[in-house]
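Each remark here refers to the structure printed beneath this line.
Computed from the coordinates by the stated procedures, all read-outs in this text should not be read as laboratory data. On a predicted model such as this, the values are computed, not experimentally measured, just so you know. Heads up, the Cβs are rebuilt from the backbone with ideal geometry, glycines too, and the neighbour counts pull from every protein chain shown.
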Amino acid sequence: MVHFTRHILSNGLRVLIHEDHTTPLVSVNVSYFVGSRDEHPNKTGFAHLFEHLMFSGSQHVEDFDEPLQRAGGENNAYTTNDYTTFYEIIPADNIETALWLESDRMLALNINKKSLDVQRRVVVEEFKETCLNEPYGDSWHHLSELMYEQHPYRWPVIGLEPEHIEKATLTDVQHFYKSWYVPSNAVLSIAGPIKTTDALTLVDKWFGNIPSGKTPERHYTQEPPQRQARHKTVVADVPAAAVYMAFRTPARLEPDFYPLDLISDILAQGHSSRLYRHLLKERRLFSTIDAYVTANIDPGLLVIEGRPADGVSMDDAIAAIWEELDALKAAPIDQRELDKIKHRFESTIVFSEMSAMNKAQNLAFYEMLDRAELMNEEVDTYMKVSADDLHRVANELFIKENSATLIYQPATRQ
């Protein structure tokens, strides 16, 4: 159980504070409710670009990292389809440094031609390195295109193509910043050895006078139901053949997400999971295999990815995966297997709540998702999932019409 208090400033900034006096470090987390799904189809990659631009300096801070490092802190950031998070870990006595830095870039990020040119080059180079020059690096481009035709999840977080960032104008970028990086579209969470009253005083000092901005309106095109299986084969410079199988899943807050999430654990969580044990260890059909859910705010994906072992045909490898999925559909799983997965999940949650950084990030995530209290309620929700729930969801999910199969084949070398 993570105890916290919620406060909303007059400018709309939501502030969540968790007192944790077991650590000398405090975590300051600012999450903005903006991700790649909020981009224009012809101007993708902007949310990820801002993950970099936010470190380019602001009105009173020329170098974001230098004062933080002098205060003994460290920081990082990440972008998803749905939101962007920036966080600092710093000695509690120096928390004001982190709050000052975050407030200054929320108030007046220094977006100019020089900073845009520098970060544009960084992002475009990252795109080329991770997507174009890395084996299987463009897999999410293909999977997103296969699984989504209308919704903005049809492009990956890094963007659809590097040209969108290369052609980004200063006006484009400034408009994106003013639209999304405002107090009314953000959550500030603090976890660490600081009294709530002291934290609130400092938060009000540094964030209270920032104009609220206009809360963005979202109008997403919902993805229509998928009616037939989709396939794509890519011949590329990859070291070995690989297969990615994707299935459309419920949104993060839908009731069926919880059995779905446990299904992904049954398939691929640890060496006793079904895909690893049956297809890799026992039958030796794969050299690597994994499964995971994207857990998007809007309906997302369950993805199974693997590389067939030497001498195993792609057809046989795919057929073996379907055998495991059909086994989940055939009959409810044994209660012992379900209990094992639940207990592993519960221990993972307990372990994650030992870190002030994780608690700060989770508080912000659940507040954006719905309300931060959900962070303390979901374990009970998972524990109530039954074998019949898993059986029903598996039968609804694992059908050919709800799937896409992406195959990589190595290019023939001359």
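Over the range 230-410, the alpha carbon radius of gyration divided by the compact-protein estimate 2.2 N^0.38 Å works out to 1.09.
With contacts taken as Cα pairs under 8 Å and at least 6 residues apart, the chain reaches a relative contact order of 23 percent. Calculated translational diffusion coefficient of the range 319-391 (4 °C, 1.567 mPa s; Stokes-Einstein with Kirkwood radius over alpha-carbon pairs) equals 91 µm²/s.
Multiplying the residue separation of Ala330 and Glu125 by 0.36 nm and subtracting their alpha-carbon distance yields 69.1 nm. Per-residue ellipticity at 222 nm, computed for the chain from helices alone with -39500 (n - 2.57) per DSSP H run of at least four residues, works out to -12000 deg cm²/dmol. Cross-link reach is defined here as a Cα-Cα straight distance under 16 Å, omitting same-chain residues fewer than 8 places apart; for Lys128 the aspartates and glutamates meeting it are Asp138, Glu161, Glu163, Glu166, Asp237. Ratio of Rg to Rh for the chain: 0.99 [Cα atoms; Kirkwood radius as inverse mean 1/r over pairs].
Which FRET efficiency, nearest 0.05, do Asp63 and Glu163 yield, Cβ-Cβ r, R0 22 Å?
Result of the calculation: an efficiency of 0.15.
Starting from the Cα coordinates of the range 5-207, work out the convex hull volume and express it per residue in Å³.
Values: hull volume 27.1 nm³, N = 203.
Roughly 133 Å³ of hull volume per residue.
Here the gap between Lys400 and Lys195, fully extended at 0.36 nm per residue and compared with their Cα-Cα distance, gives a gain of 68.4 nm.
Cβ-Cβ distance of His7 and Glu377, R₀ of 22 Å, FRET efficiency by 1/(1 + (r/R0)^6): the value works out to about 0.60.
Which of rounded, prolate, oblate describes the range 356-409, given a ≥ b ≥ c as roots of the alpha-carbon gyration tensor eigenvalues and a/c under 1.5 marking rounded, otherwise prolate only if a/b is larger than b/c?
oblate
Here Lys342 is the anchor, and the lysines within straight C-alpha reach of less than 16 Å, apart from those fewer than 8 places off in the same chain, are Lys384. A simple packing score, the average count of other Cβ atoms within 10 Å per residue, orders the peptides 211-223, 8-20 as 8-20, 211-223, with the highest score first. In order along the range 99-112, the phi-based Karplus estimate (6.51 cos²θ - 1.76 cosθ + 1.60, θ = phi - 60°) of 3J(HN,Hα) comes to 5, 4, 5, 5, 5, 5, 7, 6, 6, 8, 5, 8, 9, 9 Hz; Gly and Pro are listed as x. The range 170-221 and the range 80-151 have their alpha-carbon centroids 17 Å apart. Extension gain, Leu253-Lys178: 0.36 nm per intervening residue step, less the Cα-Cα distance, totals 24.1 nm.
Starting from the Cα of Lys232, draw a straight line to each of the lysines and keep only those under 19 Å, dropping any in the same chain fewer than 8 residues away. Cross-link targets: Lys400.
The long axis of helix 387-397 is offset from the longest Cα principal axis of the chain by roughly 80 degrees.
With the simple model of a label 7 Å out from the Cα in the direction of the Cβ, Ala77 to Glu217 spans 2.8 nm.
The fraction of all Cα pairs in the range 46-157 landing in successive 10 Å bins from 0 to the largest distance is 13, 35, 30, 18, 4, 0, given as whole percents.
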